[in-house]
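Taking it in order: structure first as structure tokens, then the write-up.
The values are calculated or read from the model by the stated rules, or taken from the named source; none is laboratory data. On a predicted model such as this, the values are computed, not experimentally measured, just so you know. All Cβ positions, glycine included, derive from the backbone under ideal geometry; neighbour counts span all protein chains shown. Heads up: the accessible areas ignore ligands, DNA and RNA and are worked out on the full protein's heavy atoms, side chains in. Shrake-Rupley method; radii C 1.70, N 1.55, O 1.52, S 1.80 Å.
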Amino acid sequence: MRPTKLSSQVFLDLPPVLSHFIESARSTWLECSPPAGRISLLNRPGVFTDIESLAVERRHLLEAFGMARTRAYCFRMGFEVGRREALRHLATYEENARLALQAGPVFGQLQGRYVAEPVRFEFDLDEGVLYREVLLHSSCEALAHQMVQEEVSQPVCWTTTGYLSGHVSEIVGRPVLCVEQECIAQGATRCRMIARLESEWGEEAQWAREALRLESVDSEIARREELVDAAQRAARRAQGALAHLSRRLKTELLLEGLIMESDAMQRVAKRARQVVNSDVSVLLVGESGTGRATLAKAIHHGGSRKSGQFEAIDCRGLSPTLLMQELSGFAQGAFAGASRSHTGAFQRAHRGTIFFDEITALTREIQGLILRVMEQGEVTPLGSPTPSKADVRVMAATQFDPLEKLASGELREDLYYALAIGRIDIPPLRERGEDILRLAQTLLGEARDRYDKPNARFSEDFKQALMDCSWPGNVRQLRNVIEYAVVFGPDRELGLSELPEDVLTNRWGRPSQDLSEDLIRAVLRRTKGNRSEAAELLNVGRTTLWRAMKRYEIE
């Protein structure tokens, strides 16, 4: 039976056979038989390995596995050998733990690995204390490592520390770790080894703990491949979820300043959801600045053609001749000045979307071209004998009543009915209720970041003025107003004085029950003191205005 407790003492006495070996100048235990190709130590066959061969092995391990894994590999290998030697020593000395413990470092000296000098060894397992200190002179492992790396930042006798850890652990029946504190490879005169119970070590022995749990290279590669596969699957799921989320957000039209929470805009959102995943043409009808182009982009990016080009055409920005060239494209030499060919917008938008802003401004000839492309899916560039593919989704916008334009002949009937399949009427900003303040808050956040005014905020009077404005320029005007207020206002609460005068004066038929001093002064500035015009803009009687001016002592 192995002892569970040994009294604290320094073990300096050796088994007789080991003492005889240490005292002898030559060993009679080492036998060589060249004819048989055999070397044995204490009748245990083995091989002779010189320091240079050890260095070659260490170099290849470092190159193949790196410093951390090589250290763990050597420690783990030494630990296993130490455990096996401990079992053999216990059997040799009839379970005498004291002699078996001494035999470990001495046997390493028998093999020529080092010269061991025991300093201190005491332990009491009942008290949970173990301390062993050994000095090793001429460590072959350290010398071999020096041949590979001249400068090292840590002790390198990893196999030896593993051996001593496994040897003591097996004999005392408790986990013990040996850590090298000084090493010849670092310039010390000898290697200093300290062994303690595993529980007594802190972070300095963590690498040794991890070395005993080290998985094989194949297992690690397999595990890492599984992690890579899992990460790739997660990435694909995340990419799919992101694409779905992006598509959903775009389908829900939460783009730029296009907030659609009012009842009026909910009808627009419902209609947009119905057409977004189809391929029907779309006609957007609404005042200038209501976000027609933004809505068209949202439908494009939310639909099946999102990977294709989105081409926007300003129908009022070019002459009919130039517009025809821009839409159809032309071949080199098609007309005077055509020094090279040009790809038209229909070709660029192939498998994508083309958007015509103010469709009613186009000539009937160009309207006919659009209709042909919609029907045939191809366009013939000017001066070219062959048509080019133009599989496009057509969207158009107008600020006018399309039926009036039909009656006047400005809009072709066949084109209108081709576009009106997906007609969406966008209400002006003044009819969108609380959307005005939601939009304003969104725009305020953008302006605060852009102009570094993080404390800018709306006062209640400011909000009421936004709600009262008729907004003839719609969302575009609102954006400009908020930017104006942030740029020229203070980095704090924004009041009526930070609003342009047209916002204060463009009221839309809701008389104020309590005219404020700031509002009256702003309107008078706009009318240059004309009280009649001011009263008309404020939608109040002249007497009501006069009384309010008197109350505020406004001349």
Quiz prompt | Per-pair calculated FRET efficiency, R0 = 56 Å: D449 and E215 via Cβ, rounded to 0.05 | solution = 0.70
Quiz item: So which aspartates and glutamates can K550 reach, going by Cα to Cα under 13 Å and dropping same-chain residues fewer than 8 places off?
Solution: E517
Quiz item: For E533 and N277, FRET efficiency with R0 = 56 Å and r from the beta-carbon atoms, rounded to 0.05?
Solution: 0.60
Exercise. Compare C191, C32 by solvent-accessible area with a 1.4 Å probe and give them largest first, with all protein chains kept in place.
Key: C32, C191
Quiz item: Give me the log10 of I(q) over I(0) for the range 451-493 at q = 0.19, 0.20, 0.21, 0.33 Å⁻¹, as the Debye formula computes it from C-alpha points; what are the numbers?
Solution: -0.60, -0.66, -0.72, -1.18
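Give me the percent of the accessible area of the chain that comes from carbon and sulfur atoms, probe 1.4 Å, all protein chains in place. Before the final figure, lay out the partial values.
Numbers: 14270 of 29230 Å².
Here it works out to 49 percent.
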Exercise. Taking 7 Å along the Cα-to-C-beta vector as the label spot, tell me the D50-T386 distance in nanometres, rounded to one decimal.
Key: 7.8
Exercise. Let me know the longest stretch in the chain that avoids all chymotrypsin sites (Phe, Trp or Tyr not before Pro) found in a DSSP loop with at most 11 other C-beta atoms within 10 Å.
Key: 49-334
Quiz prompt | Convex hull (Cα only) mean projected area of the range 269-382, reported in nm² to one decimal | solution = 7.5
Self-check item: Bins of 20 Å from zero: percent of alpha-carbon pairs in the chain
Solution: 16, 25, 14, 16, 21, 7, 0
Quiz item: DSSP loop trypsin sites (Lys or Arg not before Pro) in the range 337-366 with at most 16 other Cβ atoms within 10 Å of their Cβ, which ones?
Solution: R340, R351
Quiz item: Restricting to the range 281-421, what percent of DSSP beta bridges are antiparallel, rounded to 5?
Solution: 20
Self-check item: Mean accessible surface per residue for the chain, computed with a 1.4 Å probe while every protein chain stays in place, in Å²
Solution: 53
Quiz prompt | Too-long pairs where the Cα-Cα distance tops 30 Å, listed order kept, from K270/K405; K270/K389; K306/K453; K453/K528; K270/K463; K297/K405 | solution = K270/K389; K306/K453; K453/K528
Quiz item: Taking Rh as the Kirkwood radius computed over C-alpha pairs, what is the Stokes-Einstein D of the range 347-438 at 10 °C in a medium of viscosity 1.306 mPa s, expressed in µm² per second?
Solution: 106
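I need the shape label for the range 172-222. Rule: rounded when a/c is under 1.5, else prolate if a/b > b/c, else oblate, with a, b, c from the alpha carbon gyration tensor.
The shape class here is oblate.
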Exercise. Return the ratio Rg/(2.2 N^0.38 Å) for the range 76-186, where Rg is computed over Cα atoms only.
Key: 1.07
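Just need the relative contact order of the chain here, percent rounded to a whole number, with Cα pairs under 8 Å and 6+ apart.
Worked out over the chain, it gives 10 percent.
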Quiz item: For the range 400-555, treating each Cα as an identical point scatterer without solvent, what Debye log10 I(q)/I(0) comes out at q = 0.08 1/Å?
Solution: -0.33
Quiz item: If you take every DSSP beta bridge whose two residues both sit in the chain, what share of them, in percent to the nearest 5, is antiparallel?
Solution: 60
